[in-house]
Amino acid sequence: MTENNSTEDSGLQETFLSHLFELRDRVIKAALAIIVVFICLVYWAPDIFHLFAQPLLEALPAGGKMIVTDVTGSFFVPMKVTMLVAFIIALPVVIYQLWAFIAPGLYLHERKLILPLVVSSYTLFIIGVAFAYFLVFPTVFKFMASYNAPLGAEMSTDIDNYLSFAMTIFLAFGITFEVPVVVVVLVRMGMVPLAKLKEIRPYVIVGAFVISAVVTPPDVLSQLLLAVPMTLLYELGLLIACFYVPNKADRRRVCR
């Protein structure tokens, strides 16, 4: 009995270590993909930052400008922005490495979902970032700038603060637009029944507004710009998930 227990413990330890080594290799591959893209883009870092800051620069009133309050800010902020762009470009590799790590624990029919999930996850993340850049930023910045005129205050924004704000918004909208993928995965893997996801719809709507209040500026407009798409994307996820309900009888019942 003791020998059997010892053998089982040894086997579990070896399995754990093999998973740990595989995770390390996946993380290294993902990091290398980001670094390679970053090295290819670093020469254009100032241009990338200018494009990154364009929504704010266009919203600034006459005389408004971006400033640097940190001695190293003019160097490191464009580098951080370039790293963010490199991450977005290399994101398909990162997502693939994540799913490839999970794949051995999945059934064969579930593994076939990896490529569609990678493509859809990346596409939705890019759409979320583009939505924030082209719609949310101009709307919010013009709205905020309009408050400075009655106050007679000069609007000058530190580039480091702008970077922190923009990265938060980009991540918030990029992750938010992944909601349909999350819903489909939960249903397809049998983790949560589709009927249950439809049942908790009111709580999801409340949660969307709570999340938007936490991650966006404290104005109703920007909160609506996040909460409303999140709610609509959840509904889209429920609609698409109807095609992935494992049991046909359940599919006919919940997707009427």
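The values are calculated or read from the model by the stated rules, or taken from the named source; none is laboratory data. Not measured: the values here are computed from a predicted model. As a convention, Cβ positions derive from the backbone with ideal geometry for all residues, glycine included, and neighbour counts pool all protein chains shown. Note: areas computed on protein heavy atoms with side chains; ligands, DNA, RNA excluded. Shrake-Rupley method; radii C 1.70, N 1.55, O 1.52, S 1.80 Å.
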Query raised in the report: Top to bottom by accessible area (1.4 Å), largest first, where do Ile159, Ile211, Ile205 land?
Result: Ile211, Ile205, Ile159
Query raised in the report: Tell me, what is the FRET efficiency for Ser156 and Phe87 to the nearest 0.05, using R0 = 35 angstrom and their Cβ-Cβ distance as r?
Result: 0.75
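How much length would be gained if the chain were fully extended between Val42 and Leu232, taking 0.36 nm per residue of separation minus their Cα-Cα distance, in nm to one decimal?
Result for the pair: 64.7 nm of gain on full extension.
Distance cut-off 26 Å, Cα to Cα: go down the list Lys29/Lys80; Lys65/Lys142; Lys29/Lys196 and report the pairs above it.
Values: Lys29/Lys80 20 Å; Lys65/Lys142 14 Å; Lys29/Lys196 38 Å.
With Cα atoms farther than 26 Å apart: Lys29/Lys196.
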Report task. Could you pull out which residues in the stretch 162-182 have an amide N less than 16 Å from a spot 7 Å beyond the Cα of Thr69, following the Cα-Cβ vector? Result -> 162-166
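Treat the stretch 66-212 as a sphere of radius equal to its Kirkwood radius over Cα pairs and apply Stokes-Einstein at 37 °C in a medium of 0.692 mPa s; give the translational diffusion coefficient in µm²/s, rounded to a whole number.
Once the numbers are plugged in, D ends up at 179 µm²/s.
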